[in-house]
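Asks: Sharing a structure here in structure tokens format.
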Amino acid sequence: MAKFNNKVVIITGASEGIGRALSLKFAEQKAKVVISARNENRLNELKSEIESLGASALAVPTDVTDKNACKNLIESTIEEYGQIDVLVNNAGRTMWISFEDIEDLSIFKQIMDLNYLGCVYCTYFALKYLKKSKGQIVGVSSVSGLNGVPSRTAYAASKHAMFGFFDSLRIELKDTGVSVTMIAPDFVLSEIHKRALDGSGNSLGKSPMQESKIMTADECSLLIINAIEKRDRILITSLRGKLGRWMKLIIPSVVDKIAAKAIKEAK
């Protein structure tokens with residue numbers, strides 16, 4: 001039997017990329033999938049696709065930067081299904097610009113509100129239900145949350161914040177039965193790169209990545225769902241990410257060079 005059969009799974013940022021791929025993976029296991037994002041049309045399309053796989057789906061349009069919207073997401077889930085077993089905090093946005101070239105510093109607040117505070121809000125309102133089910137909290141961060149990355153200062157800061165928050169929360173929840181799994185993907189093929197902010201706070205409109213050379217969202221979602229099934233503490237999806245985590249303690253200057261090279265080669 002599939003591990004998530006009949007389990008209630010909430011996924012933020014579900015309308016595209018990793019979130020969408022994960023939603024379909026959970027649907028294949030006949031989970032009850034609650035999908036949230038700001039784009040209602042994409043959510044409804046995904047809901048139909050999930051239902052075509054024989055799974056139950058609830059679409060709740062949500063802007064996770066609004067704490068009341070996050071509260072509504074959780075309350076709508078409880079009203080529909082009566083429980084929460086897995087909360088996947090996945091919604092996020094990135095940027096591509098050197099710090100000295102930024103013209104609009106509100107980029108930092110925008111990205112922190114979405115990538116970090118959105119996780120805090122959703123987790124806060126879901127926690128009492130997750131404690132009842134002895135459920136799971138998943139934070140989709142990034143290898144940028146483990147090491148600094150040039151041209152991604154605001155993004156890396158928000159992903160570091162996620163690690164600080166969820167690592168601390170894991171300790172608090174030690175005796176509750178609730179597990180916390182952190183995900184640190186490397187570059188993944190997704191719309192997030194097209195929507196990356198430039199120095200003026202506008203979307204790039206096109207991906208700066210060599211997309212043929214990076215992992216697909218479907219490939220990444222397979223790794224993630226396996227880590228969730230095992231209630232792993234952390235998943236780092238690339239070898240350079242795994243090596244960088246340890247090399248940072250011994251030869252941090254080499255990690256800096258690897259990060260700079262990764263960005264240069266990705267463009």
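The values are calculated or read from the model by the stated rules, or taken from the named source; none is laboratory data. Keep in mind it's a predicted model, so treat the numbers as computed, not measured. FYI the Cβ positions are ideal-geometry reconstructions off the backbone, even for glycines, and counts take in every protein chain you see.
Per-residue answers, yes or no, for (1) part of a helix (DSSP H, G or I); (2) buried (at least 18 other Cβ atoms within 10 Å of the Cβ):
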{"site": "SER23", "(1), (2)": "yes, yes"}
{"site": "LYS30", "(1), (2)": "no, no"}
{"site": "VAL33", "(1), (2)": "no, yes"}
{"site": "LYS47", "(1), (2)": "yes, yes"}
{"site": "LEU58", "(1), (2)": "no, yes"}
{"site": "VAL64", "(1), (2)": "no, yes"}
{"site": "ASN72", "(1), (2)": "yes, no"}
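Asks: Residues ILE84, ILE10, ILE78, ILE18: which one is part of a helix (DSSP H, G or I), touching a residue at least 40 places away in the same chain (Cβ under 8 Å) and under 17 Å from TYR121 (Cα atoms)?
Replies: ILE78
Asks: Examine the stretch 164-182 for a residue that is part of a loop (DSSP other than H, G, I, E, B) and among the hydroxyl-bearing types (Ser, Thr, Tyr), and state whether such a residue exists.
Replies: Within the stretch 164-182, one or more residues are part of a loop (DSSP other than H, G, I, E, B) and among the hydroxyl-bearing types (Ser, Thr, Tyr).
Asks: For the stretch 224-241, enumerate the residues that are outside any loop (DSSP other than H, G, I, E, B) and surrounded by 16 or more Cβ atoms within 10 Å (Cβ to Cβ).
Replies: Across the stretch 224-241, the qualifying residues are ILE224, ILE225, ALA227, ILE228, ILE234, LEU235, ILE236, ARG240, GLY241.
Asks: Looking at (1) modelled with pLDDT under 95; (2) of a type in the set (D, E, K, R); (3) out of contact with any Gly (no Cβ under 9 Å at 6 or more places or on another chain), which one does LYS194 not meet, given that it meets all the others?
Replies: Condition (3) is where LYS194 drops out.
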